[in-house]
Amino acid sequence: MAPAPAPGSLLADPTRAAPLRVWIVIIGVLVIAAFAGSSAYDAWHSYNVVISAENRELGNLAKALAEQAEDTLRTSDLLLRETVTWYQTARPEPGTAADDKLATKVAGLPQVREIRIIDEHGMPRFRSRELPGDVSSLSDRPYFIAHRDHPRLGVVLSEPLITQIEHRPAVVMARRLEKRDGTFDGIVQAVVDLEAFQQVYQAIDLGQGSAINLLRNDGTLVVRQPQVTEAFGAKFPELVAADSDSAGLMRSPIDQKPRFVGVAHVSEFPLVVAVTREKSVALAGWRDEAWHVAVRTLVLALLGAAVVVALVYQLRRVELGERALRQSEERYALAMEGANEGHFDWNFENGSSFLSPQMKLLHGRRVDAPVTTRDAWMSSLDIHPDDVRRLQAAVADHFEGRTDRCELEYRVRHPDGEWHWLQVRGRCMRDASGKVQRFVGSAIDITARKNAEAEKERLEIQLRQSQKMEAMGTLAGGIAHDFNNILGAILGYGELAQKAAAEGSVVRRYVDNVMHAGGRAKALVERILAFSRSGVGERGPINIQAVIEETLELIAASLPAGISLAKRLEAGDAAIIGDASQLHQVAMNLCTNALQAMKNGGVLEVALDRAEVAQSASLSHGSLAPGTYVRLGVSDTGSGIPSPVLERMFDPFFTTKGVGGGTGLGLSLVHGIVADLGGAIDARTSLGRGTTFTIWLPTTGEATAPSAEIAADLPRGDGQTVMVVDDEEPLVALAEEMLAELGYEPVGFNSSVAALEALRQEPERYDIVLTDETMPELVGTALAREIHLMRPAIPIVLMSGYSGAQLHDRAREVGILEILHKPLQTRDIAECFGRVLR
């Protein structure tokens, strides 16, 4: 018989061994992932350091070369200034030693090939050296024209050019000459040899893949090292696109290679120095190091996986596994401690102290704030009262040896009055006897994380509420759609029976009761459809004040005794995009709830005005973006809303009224409509004092109040043939009865395919088409598209019990004129056909 496992052994209890293997695997994977993430972070950080160093190096070099170019050009400009002064003072005559004088001036400036004095006609008057064929007129040169037409330009720098005689790259610097009366007397020009710049740039060893570019402000390439002959004089505005000295990464327009670019402008001259280096060259060292890190990480990750497998396989060596896990956790903790921002070191042995500048800033103190002792420092801080005892207890526990390290979070107030969350980690250094010698650690600001956690919790609550409302709306919309088909037959045939029954008869009384109950059912279905947002029709600009005034007239006519109405409507012609009936429902439901809350009388106050929102704001139900809004406030002086009810009052079918007292759809309908219009709701309540609901809706300009329409008799047909299509046979028969009574000649089909075939055979027989949308073979909008291919001008009316904005869009695309909402009654069809056929 095998010996029994020793007491306390994991093998004695298999239910403990299996979870242990799972935990070992989980912890091993986490450690490997943490190590891989740390390596990835190191590579990313190293990449950013290389990029920063590269940009800094290229930017500094570009600035240095820009200063060198500025000095060279400033020296040449100084020669021009001296020559202008000498010439305008001496006024030498031809044949004098003026040429020798100019040659002497140029002799000390190797970058200046020659200097010439050009008369007002553009002809050379004096020159520092003679060149064969150098007698052409310069009057058409842009720099000559610029000085001739603009007296106060100063020095003008030409486009890069190749000299006609020596064929050397150069630029011309020119200054204006004036006669004693101030009129134009020509120019002094210096031909600056660009090869002098080329030689300077050649002497700078930037390494492989680097280039120095001297360009004009418009991007014209003046000098490039290494040279690209075909690029000389071409324009590359991308290289000088920066508004100020800068460095960065871009695709070079010269060789189409990604390059780091350092740009510096030459002061006082329209030139830019751009130093570039190929990205592949600049990142070669980092790429090699990244490969090494990746290989090392992979090897270590494989070794870690092997260790985890070994630990799982050798469960009897759990103690060794736990020890390795503790060591791994300790290494991880020490590595994380070194990555924090602010650092401190309290030396209790000699009384010295150190706080990094960032540590002082984290606690709301200046960088130069004096630090003497730890007690003095702590007493100078404004720590949140709720965190003081917890902080002191955590530090005391660590000093007394009850904790291995000190780790806590607390709040500290900055001079601006804002509270900042800090996370502090520290550890004591002890002598052989266990006495604390030093306390070192670090701190980071976790305010953003704390705020994000709070915001995340708030958004999760809103998301759950939104999902619940959406699910309930979808369910309610589907049920209402089926009810509409049933109610269509009940109300339609009931209306026909009502007309056929004799006035005052028992049958007429029975039918009247059926129609009354059917009307209540239709109203309930409409509310359910409105809640599910499936009944949203065409939207347009609405004068919101006109709708609210109309609603308040209805409310005022039925106010209970003891309740007064106070209204303040100041929105003017402010308009929103929406449905007037929906807005009426919002105001009516809010006012009805307010009246029901004031059982012992009170004041119903309704206010409407405009409001500007300067910055984003969160309300109790929704949030506001900056913009212009209309604000509808409905207040009562009732009993207020208890906290449990306040949390659920917008839930569908939730009601505090008794059986038969309410459907629970009022406020949920308000919430759905306001959210669909892009608005938000703010609910404020006080028990015993009353409740205020504030509705915020975004405005879209202005709209005038609509004028009242005059009621008219029902329009009748004149024998027109109507094609009726619906997959429900009772509804087809009902529509035929209604249309026949209105003077039309109906032809019914319970199949859309059969109706389409009948139209193909007799395309001119029918004057108008009335079709359902939801049918099994061919939906109504698809049927309308096929019909219009045969008869583009025939009017088509669509009917549906489950409407919405998407259905309206599809109907408009295929040319449907109107949409009727089920259940249909005679008035609906008569008025619709009257509009369409007219």
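What the table shows:
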| read-out | value |
| --- | --- |
| For Met123, solvent-accessible area (1.4 Å; no DNA, RNA or ligand), Å² | 70 |
| Neighbour cut-off at most 12 other Cβ (10 Å), DSSP loop, GluC sites (Glu not before Pro), region 184-291 | Glu268 |
| Hz values of 3J(HN,Hα) by residue in region 178-191 - Karplus curve (6.51, -1.76, 1.60), Gly and Pro given as x | 10, 6, 5, 8, x, 7, 5, 10, x, 9, 10, 10, 10, 8 |
| Inter-label distance, nm, simple model (7 Å from Cα along the C-beta direction), Val228/Thr774 | 6.6 |
| Probe 1.4 Å, accessible area per residue of region 45-132, Å² | 50 |
| Probe 1.4 Å - accessible area at Phe354, Å² to nearest ten | 110 |
| Label point distance in nm, Gln615-Ser352, each placed 7 Å from Cα along Cα→Cβ | 4.5 |
| Distance violations [Cα-Cα > 25 Å] among Lys63/Lys257; Lys567/Lys599; Lys63/Lys360; Lys360/Lys435; Lys101/Lys179; Lys63/Lys279 | Lys63/Lys360; Lys360/Lys435 |
| Derived scalar couplings ³J(HN,Hα) [region 40-45; Karplus, 6.51 cos²θ - 1.76 cosθ + 1.60; whole Hz; x for Gly, Pro] | 4, 5, 4, 5, 5, 5 |
| Theoretical gain in end-to-end length, Glu268 to Asp809 [0.36 nm per residue, Cα-Cα removed] | 188.5 nm |
| Thr104 accessible area, assembled protein chains, probe 1.4 Å, Å² | 100 |
| Most to least accessible of Thr85, Thr771, Thr72, Thr592 (protein chains only, probe 1.4 Å) | Thr85, Thr592, Thr72, Thr771 |
| Region 732-785 shape via C-alpha gyration tensor axes, a/c threshold 1.5 | oblate |
| Solvent-accessible area per residue for region 587-627 (1.4 angstrom probe, square angstrom) | 50 |
| Accessible carbon and sulfur surface of region 554-605 relative to its total accessible area, %, 1.4 Å | 53 |
| Alpha-carbon centroid distance for the pair region 202-238 / region 383-411, whole angstrom | 62 |
| Computed label-point distance, nm, for sites Glu786 and Arg689 using a 7 Å Cα→Cβ extension | 6.7 |
| Distance between region 581-627 and region 747-825 - C-alpha centres, whole angstrom | 41 |
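The values are calculated or read from the model by the stated rules, or taken from the named source; none is laboratory data. Just so we're clear, the structure is a prediction, and the values are computed from it rather than from any experiment. Neighbour counts are summed over all protein chains in view; Cβ atoms, including those assigned to glycine, are modelled from backbone coordinates with ideal geometry. Heavy atoms of the whole protein, side chains included, go into the accessibility calculation; ligands, DNA and RNA do not. Shrake-Rupley method; radii C 1.70, N 1.55, O 1.52, S 1.80 Å.
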